[in-house]
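Okay, so here's the structure we're looking at.
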Amino acid sequence: MKKLLALPLCILLFISLTHAQQARRSPNWKPSIIPEPYSMQIGKGYLKLPYYLNIISSANKEVRQIADRLAITLQNTANEVKVKEGTLPGNKTILLSLVKDATIQPNGYKLQISATGVSIKANEPAGIFYGVQTLLQLFPDEVEELRVRKSPFDWELPILSIQDHPRFNWRGLMLDVSRHFFTVKEVKDFIDQMAKYKFNLLHLHLTDDQGWRLEIKSLPKLTEVGAWRVERTGTFGNFPKPQPGEKASYGGFYTHDDIRELVKYAGDRFVNILPEIDVPGHSLAALAAYPELSCTPGEYYVSPGDRFMIWPGGGQHFYGTLDNTICPAQEKSYEYLDKIFTEVAALFPFGYIHMGGDETARNFWEKNEAIKALMQKENLKDLDEVQSYFVKRVEKIINSKGKKMIGWDEILQGGLAPNAAVMSWRGMKGGIEAATQGHEVVMSPTDFSYFDYMQGDASIEPPVYASLRLKKVFRFEPVPAGVNASLIKGGQANLWSEQVTNTRHLQYMIWPRAFAMSEALWTAKEIRDTTETGWNYFVKKVEKHFDRFDNATVKYARSLYDPIVQVSKKDSSTYTLHLSTEVSGLTIHYSFDNSFPDQYYPAYQAPFIIPNEATNLKMITYRDKEPIGRLMVIPVADLKKRAK
Ligand code: ACM
């Protein structure tokens with residue numbers, strides 16, 4: 001009788017565990033921590049936290065704040081959580097303690113979960129914060145839920161010990177708030193998400209042709225005029241310019257109070273904010289406010305996304321049909337910039353100010369008499385040297401406010417300013433050159449870190465002129481061979497927002513690529529595995545974090561599940577289709593007869609010749625008989641155009 005009862009009881013117990021808990025009990029289970037920690041030993045068994053949970057915090061103010069916020073996060077699950085100050089753990093408590101431990105690297109931490117409780121130790125509050133981020137990833141996905149749970153569930157944590165520290169101190173994400181404005185609340189949400197993955201730098205691209213987003217009290221028109229443009233919806237770049245009498249109603253800006261609030265919010269999460277004022281190019285919004293800043297008299301407007309910069313044949317060559325530059329040949333420009341950087345320096349405590357310096361169209365400078373006179377007076381032999389003259393003067397202004405200057409790699413042209421740091425975006429080349437000259441470098445090359453690029457096939461992604469897949473980001477190595485590694489401060493991914501008009505799409509563009517970026521910037525090189533084995537392990541972790549994002553209602557791209565399409569051409573009527581996937585273990589089912597493929601349709605095995613009379617290729621990927629990718633439709637005529 002007893003035996004008969006035992007079996008159903010066991011079954012009942014097992015099915016009362018959540019799906020995630022069951023998975024955790026399998027022998028090869030490993031927690032999915034992103035970025036991968038430096039070392040992790042997994043023990044046997046679980047710590048079941050009590051319903052009345054105590055967090056014991058060091059008396060340090062910052063640690064106490066971390067503890068209070070952790071309590072709020074855990075309280076979302078309806079159990080009672082209290083914070084007490086102290087140094088000794090109680091039974092099954094979470095202990096956050098500042099220590100002096102020479103075996104913990106800068107900003108690192110030790111996390112220990114045993115049968116008796118949780119302990120996070122670090123030498124600085126930042127280390128405690130990162131330890132807490134790791135701890136939260138060990139909680140069930142439901143910890144990410146924003147709403148308060150109705151009934152408490154068992155909080156189980158795996159017994160383990162982790163020792164961890166960052167590889168780089170500059171782990172950045174850039175958000176372009178000029179092309180589209182994001183509110184203080186939206187930027188805070190962005191900070192929350194990035195901090196969970198141990199990013200510590202938010203670069204705000206505050207000014208551009210499409211909007212000036214920072215209140216400058218001594219130059220009020222910058223925001224009265226420069227923060228607003230006419231509204232356009234559709235495909236950026238091809239919009240009509242403002243029509244006579246049209247109201248500039250789209251935009252916004254951050255007041256000084258907004259910035260102070262953001263700086264505090266970010267600082268509480270160990271995130272620095274790097275402000276960028278992009279000059280001398282990309283300055284149409286400033287010129288709309290103060291046209292006298294231009295060398296070219298005219299009427300200026302804040303661009304709604306009309307095409308006034310022309311890239312004939314793509315590549316790096318371009319010219320403007322409008323002069324969108326601040327004039328380097330007049331003192332007034334530097335007086336304005338001094339006012340601007342005085343306020344910027346006072347608002348942002350971070351030690352660096354970004355002055356842009358990228359993509360300066362010089363075609364108006366070429367013909368300008370004031371520029372010619374400047375060249376003669378200062379003995380500047382070409383327009384590179386004119387730009388360099390400007391950049392060096394800006395550096396003097398920024399240095400005079402007690403800040404270091406950083407700029408995009410074009411600031412190398414004509415000679416780098418003496419103390420400048422370089423943000424390398426046109427590949428790694430500029431970074432290598434700057435480091436060779438002994439300057440600090442942040443790596444953010446387009447080919448690994450431009451998150452405005454499409455992350456999957458052009459037939460299904462919102463259109464952008466280039467692509468960057470997750471797997472490529474995963475392979476990002478910020479330190480090129482042969483350079484002095486101590487000059488590479490780190491790296492960052494950049495989200496330009498020409499085509500990013502809302503936060504759902506912002507999230508889609510950031511995740512999951514920022515998972516890969518966080519590993520490239522946090523995880524020690526010697527433990528990063530960027531081979532296929534490492535990639536497969538990373539993808540498994542990414543999928544676990546997708547579950548967490550579902551709980552947190554954060555959007556992410558599922559492009560990694562969609563086929564990679566290539567076409568080769570044998571002769572004028574013979575085209576071969578090559579399909580593959582970023583993720584292993586998927587089957588691609590396809591049709592050429594316009595019907596919707598499912599798992600009973602032909603599965604791609606090897607390259608084959610595209611039927612000449614077909615009009616559309618339709619494809620979808622499956623895993624374990626379940627559709628996992630999105631339905632992709634590509635006209636055969638488009639496929640043929642892709643042929644190499
Ligand atoms: C840039 O992408 N123009 C820095």
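Taken together, the values in this text are just the output of simple stated rules run on the coordinates, not laboratory data. All figures in this text were calculated on a predicted structure; none of them were measured in a lab. FYI the Cβ positions are ideal-geometry reconstructions off the backbone, even for glycines, and counts take in every protein chain you see.
For the chain, the longest principal axis of the Cα atoms and the long axis of helix 369-378 meet at an angle of about 80 degrees.
Taking 0.36 nm per residue of separation and subtracting the Cα-Cα distance, full extension of the segment from Ser595 to Tyr537 would add 17.4 nm.
Extension gain, Ala637-Gln605: 0.36 nm per intervening residue step, less the Cα-Cα distance, totals 9.3 nm. Converting phi to 3J(HN,Hα) with the Karplus coefficients 6.51, -1.76 and 1.60 and the offset θ = phi - 60°, the range 571-583 yields 8, 4, 10, 10, 10, 10, 9, 10, 10, 7, 9, 5, 9 Hz in sequence order, with x at every glycine or proline. Angle of helix 125-138 to the longest C-alpha principal axis of the chain, folded into 0 to 90 degrees and rounded to 10: 50°.
Averaging the sequence gap over all C-alpha pairs within less than 8 Å and six or more residues apart, then dividing by the number of residues, gives the chain a relative contact order of 11 percent. Where does helix 383-400 land angle-wise versus the long Cα axis of the chain, in degrees 0 to 90, nearest 10? The helix 383-400 is inclined about 60 degrees to the chain. Computed packing ranks the peptides 195-202, 633-640, 425-432, 262-269 as 195-202, 425-432, 262-269, 633-640, most packed first, by mean other Cβ atoms within 10 Å. 3J(HN,Hα) along the range 268-284: 4, 10, 6, 10, 8, 10, 9, x, 10, 10, 8, 9, x, x, 6, 10, 4 Hz, from the Karplus curve 6.51 cos²θ - 1.76 cosθ + 1.60 with θ = phi - 60°, whole Hz, x for Gly and Pro.
Cross-link check: pairs Lys188/Lys241; Lys198/Lys471; Lys188/Lys396 evaluated at a Cα-Cα cut-off of 27 Å; pairs beyond the cut-off: Lys188/Lys241; Lys188/Lys396.
Cα centroids of the range 515-558 and the range 400-474: 22 Å apart. Helix content alone sets the calculated 222 nm mean residue ellipticity of the chain: runs of n ≥ 4 DSSP H residues at -39500 (n - 2.57) each, divided across all residues, give -9000 deg cm²/dmol. For the range 556-644, the number of Lys pairs with C-alpha atoms closer than 16 Å, counting only pairs eight or more positions apart or on separate chains, is 7.
Over the chain, the reciprocal of the mean inverse Cα-Cα separation, the Kirkwood hydrodynamic radius, stands at 27.1 Å.
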